[in-house]
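Chemist: Supplied in structure tokens, the structure appears directly below.
None of the figures in this text is laboratory data; all of them are computed from the coordinates on show. In this text the structure is predicted, and so the values were computed from the model without any measurement. When we count neighbours, we look across all protein chains shown, and the Cβ atoms used for this are built from the backbone with ideal geometry, even at glycine.
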Amino acid sequence: MTRWHWWWSKLRYRLAGLRLEGRPEEPVWYFAFGSNMNDDVFRERRGMIPRAWQVGRVRGWRLRFNLEGRPRGRAAPANLSPDPGAETWGVLWQITRADQVRLDRSEGVPGKRYRHLRLEAETPTGERVTAFTYIADGKETDGNPSLRYITLIREGARQHGLPEHYLTILDRVKPAE
């Protein structure tokens, strides 16, 4: 990313009331819990080239499908909601801040829906990693993800070896009809 693009991105974020920190080449960890766990989505569709990845979980957050997707009423994207007794597993991708800006654009940040959430993730070995993820204000009740979307999530979870008990949770999610 050129200096001009980085400067322009910082200005754009500031105008949206957000702060873009650091330098473009600095590494950051991103916690993916939805379709971005899937290699085809993250690497191919989003064009991300991660420096590293590892399995991670966040405690105190529950996976929800409480956002309105398209087509309306037939697709509910993944989201996180605070829940002290829950945990959500996902993939920790190490990317650059410049890649984060590109990923933000694909997720509509800055914008009206998703926003960044900084959280502490834990690897299976107990290492703690500070990461960002995307959350949105969701509805009180959950909907159902499309079959295509939940399949991408399940495939991504299996590609990266998420724990069997969590795969069972994902397999129990009923897709929209």
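Chemist: Which lysines, on any chain, are close to K139 with Cα under 24 Å apart, when same-chain ones fewer than 8 places away are left out?
Modeler: Partners within reach: K112, K174.
Chemist: Determine the relative contact order of region 31-105: mean sequence separation of Cα pairs under 8 Å and six or more apart, normalised by residue count, in whole percent.
Modeler: Working: 119 pairs, mean separation 30.1, N = 75.
Dividing the mean separation by the residue count of region 31-105 yields 40 percent.
Chemist: Pulled fully out, how much extra length does the chain show between L117 and R148, if you take 0.36 nm times their separation in residues and subtract their Cα-Cα distance? The partial results should precede the final answer.
Modeler: Values: separation 31, 0.36 × 31 = 11.16 nm, distance 2.59 nm.
Working it through step by step, the gained length comes to 8.6 nm.
Chemist: Let me ask something else about it. Could you work out [θ]222 nm for the chain from helices alone, using -39500 (n - 2.57) per DSSP H run of at least four and dividing by all its residues? Round to the nearest 500 deg cm²/dmol.
Modeler: On the way: 4 runs with 45 residues, N = 177.
It lands at -7500 deg cm²/dmol.
Chemist: Just the projected area, averaged over all directions, of the convex hull on the alpha carbon atoms of the chain: how many nm²? Mind dumping the intermediate values first?
Modeler: On the way: hull surface 41.0 nm².
That works out to 10.2 nm², a quarter of the Cα hull's surface.
Chemist: Another question, then. Round to the nearest 0.05 the FRET efficiency obtained for R59 and D137 when R0 = 22 Å and r is the Cβ-Cβ distance.
Modeler: Numbers: r = 22 Å, r/R0 = 0.98.
That pair, R59 with D137, gives E of 0.55.
Chemist: With contacts defined as alpha carbon pairs under 8 Å and 6 or more residues apart, what's the relative contact order of region 22-170 in percent?
Modeler: Working: 293 pairs, mean separation 49.8, N = 149.
Result for region 22-170 is 33 percent.
Chemist: How many angstrom separate the Cα center of region 77-115 from the Cα center of region 44-65?
Modeler: Going from one Cα centre to the other spans 8 Å.
Chemist: So if we plug the beta-carbon distance of E127 and A86 into 1/(1 + (r/R0)^6) with R0 = 30 Å, what FRET efficiency do we get, rounded to 0.05? It would help to have the intermediate numbers written out before the result.
Modeler: Details: r = 21 Å, r/R0 = 0.69.
With R0 = 30 Å, the Cβ-Cβ based efficiency is 0.90.
Chemist: Quick one: work out the % antiparallel among DSSP beta bridges in region 1-145, nearest 5.
Modeler: Numbers: 27 of 28 bridges.
Percent antiparallel among DSSP bridges in region 1-145 is about 95.
Chemist: Between beta-carbons, use under 13 Å as the cut-off and find the net charge around E68, counting Lys and Arg +1, Asp and Glu -1.
Modeler: Working: positive: R64, R70, R72, R74, K112, R113, K139; negative: D137, E140, D142.
Once positives and negatives cancel, what remains is +4.
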